[in-house]
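The values are calculated or read from the model by the stated rules, or taken from the named source; none is laboratory data. Computed from a predicted model, the values in this text were never measured in an experiment. Positions of Cβ are generated from backbone atoms using ideal geometry, with glycine treated the same way; all protein chains shown enter the neighbour counts. The area values use the complete protein model at the heavy-atom level, side chains included, leaving out ligands, DNA and RNA. Shrake-Rupley method; radii C 1.70, N 1.55, O 1.52, S 1.80 Å.
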Amino acid sequence: MVGRQKRKIEKEAMSPNFYKCQRNTLCAPAPFAGETSCQCKAPHEKLTIAQARLGTPVDRPVRVYADGIFDLFHSGHARALMQAKALFPNSYLLVGVCSDDLTHKFKGFTVMNEAERYEALRHCRYVDEVIRDAPWTLTPEFLEKHKIDFVAHDDIPYSSAGSDDVYKHIKEAGMFVPTQRTEGISTSDIITRIVRDYDVYARRNLQRGYTAKELNVSFINEKKYRFQNQVDKMKEKVKNVEERSKEFVNRVEEKSHDLIQKWEEKSREFIGNFLELFGPDGAWKQMFQERSGRMLQALSPRQSPTSSPTRGRSPSRSPSPPSPWLLRKTSPPSSPKAASASISSMSEGDEDEK
């Protein structure tokens with residue numbers, strides 16, 4: 001029986017009307033209540049959670065209701081609606097959004113007005129229908145009017161409007177289906193960030209052209225924020241100059257490194273050429289030796305050859321007789337006294353000759 005019912009549901013899901021409804025949901029904003037064209041045509045019989053999870057015919061979707069303020073619509077809201085849409089195989093998600101008057105009365109001031117919050121919900125892909133000015137507490141009349149089968153919300157008790165849990169009677173009726181909250185993101189968290197960094201956002205919006213009156217900023221704070229903006233601009237300029245100067249210094253260092261390398265190469269080449277010219281075995285020394293040899297040959301007289309004939313002597317001149325002291329037989333002196341005597345006698349003989 002169960003398998004037959006599943007096959008029937010799958011067959012009905014292949015019908016053109018089913019895909020037409022899905023395409024309209026994804027390609028256009030979700031309609032407001034009273035404007036929807038995807039009405040439940042089958043008799044609205046009460047369903048249990050087990051029956052809804054098993055599946056229902058295409059013309060009898062499970063109508064799931066989720067409500068909230070949805071101020072500053074964020075991913076946490078979208079994930080909660082995604083879970084509500086995926087609770088059952090064939091579901092139709094209705095989202096109720098409370099008005100500004102009701103929200104300001106029971107919860108507090110909102111950042112977005114009700115029209116903005118309605119439009120934010122209409123453009124969420126999981127939403128099939130938006131109910132404007134939704135009630136704060138769900139009544140049987142409201143549930144019957146919109147043919148709501150189940151209510152989806154996180155299971156944390158929601159105390160408001162003098163009640164410890166506004167969904168208590170829904171839970172007792174067996175119509176409540178819990179969803180999970182997304183940790184780390186909420187409207188209160190976003191507002192806390194804005195309040196914490198208020199000065200930063202105020203300065204940014206003043207710089208973008210908003211007036212101090214629009215931002216509800218006093219005259220003194222406006223001047224302070226504008227002065228801080230000027231200081232930030234100056235810091236940014238100084239930072240840009242520092243970055244440019246660093247880039248310039250890096251380029252100069254690279255070029256100087258190249259120049260030093262080229263200078264070293266040229267200096268090695270110069271020293272090598274110098275040593276080739278003026279080194280111990282250089283070309284300059286050989287050239288100097290060759291030139292000095294030529295100069296010595298040019299300055300020194302040439303010697304007569306040994307085989308040249310002797311010149312004739314003059315007849316008028318006769319060879320002088322040898323000196324008598326040269327003809328004397330010399331003998332080595334026997335003592336120092338004898339040596340001195342011989343030297344003195346030789347000197348006397350020279351004087352006699354003169």
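Can you list the helices (runs of 4 or more DSSP H) lying wholly within the range 205-304 that have 1 or more residues being in contact with a Lys or Arg (Cβ under 7 Å, 6 or more places away or on another chain), under 30 Å from Ile194 (Cα atoms) and at pLDDT below 85? First the steps, then the outcome.
Details: elements: 212-215, 219-278, 283-299.
Of the helices (runs of 4 or more DSSP H) lying wholly inside the range 205-304, those with at least 1 residues that are in contact with a Lys or Arg (Cβ under 7 Å, 6 or more places away or on another chain), under 30 Å from Ile194 (Cα atoms) and at pLDDT below 85 span 219-278.
Six or more apart or on different chains, Cβ atoms under 6 Å: show the pairs whose first residue is in the range 187-213 and assigned by the TED database to the domain that holds Tyr225 and under 30 Å from Ala78 (Cα atoms) and whose second is open to solvent by less than 90 Å² (accessible area, probe 1.4 Å) and part of a helix (DSSP H, G or I).
Between residues of the range 187-213 that are assigned by the TED database to the domain that holds Tyr225 and under 30 Å from Ala78 (Cα atoms) and residues that are open to solvent by less than 90 Å² (accessible area, probe 1.4 Å) and part of a helix (DSSP H, G or I), the close pairs are Ala202/Leu215; Ala202/Tyr225; Asn205/Leu215.
Does Leu87 satisfy the criteria of being in a loop (DSSP other than H, G, I, E, B), surrounded by 17 or more Cβ atoms within 10 Å (Cβ to Cβ) and assigned by the TED database to the domain that holds Asp164?
Numbers: in a loop (DSSP other than H, G, I, E, B): yes; surrounded by 17 or more Cβ atoms within 10 Å (Cβ to Cβ): yes; assigned by the TED database to the domain that holds Asp164: yes.
Taking the combined requirement at face value, the residue satisfies it.
For the subset of the range 214-243 comprising residues that are surrounded by 13 or more Cβ atoms within 10 Å (Cβ to Cβ) and either free of Cβ contacts under 8 Å to residues at least 12 places away in the same chain or of a type in the set (D, E, K, R) (or both), which member is nearest to Val111 (Cα to Cα)? Break it down stepwise before answering.
From the range 214-243, those surrounded by 13 or more Cβ atoms within 10 Å (Cβ to Cβ) are 215, 217, 221-222, 224-226, 228-229; that's our starting set.
Now narrow it down to the ones that are either free of Cβ contacts under 8 Å to residues at least 12 places away in the same chain or of a type in the set (D, E, K, R) (or both): 222, 224, 226.
Values: Glu222: 23, Lys224: 26, Arg226: 25 Å.
That would be Glu222.
Look at Asp199 and say whether it is at pLDDT below 90, acidic (Asp, Glu), within 30 Å of the chain's Cα centre (by Cα) and open to solvent by less than 80 Å² (accessible area, probe 1.4 Å). Break it down into steps so the answer makes sense when it comes.
Numbers: at pLDDT below 90: yes; acidic (Asp, Glu): yes; within 30 Å of the chain's Cα centre (by Cα): yes; open to solvent by less than 80 Å² (accessible area, probe 1.4 Å): yes.
So Asp199 fits the description; yes.
Results for (1) among the hydrophobic types (A, V, I, L, M, F, W, C); (2) over 30 Å from Asp189 (Cβ atoms), shown as yes or no for each residue.
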{"residue": "Gly34", "(1), (2)": "no, yes"}
{"residue": "Ala66", "(1), (2)": "yes, no"}
{"residue": "Lys85", "(1), (2)": "no, no"}
{"residue": "Arg117", "(1), (2)": "no, no"}
{"residue": "His123", "(1), (2)": "no, no"}
{"residue": "Val130", "(1), (2)": "yes, no"}
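Do any strands (runs of 3 or more DSSP E) entirely within the range 95-185 hold 2 or more residues that are in contact (Cβ under 8 Å) with a residue 40 or more places away in the chain and buried (at least 20 other Cβ atoms within 10 Å of the Cβ), and if so, which?
Details: elements: 129-132, 150-154, 176-179.
Where strands (runs of 3 or more DSSP E) fall fully within the range 95-185 and carry at least 2 residues being in contact (Cβ under 8 Å) with a residue 40 or more places away in the chain and buried (at least 20 other Cβ atoms within 10 Å of the Cβ), they are 129-132, 150-154.
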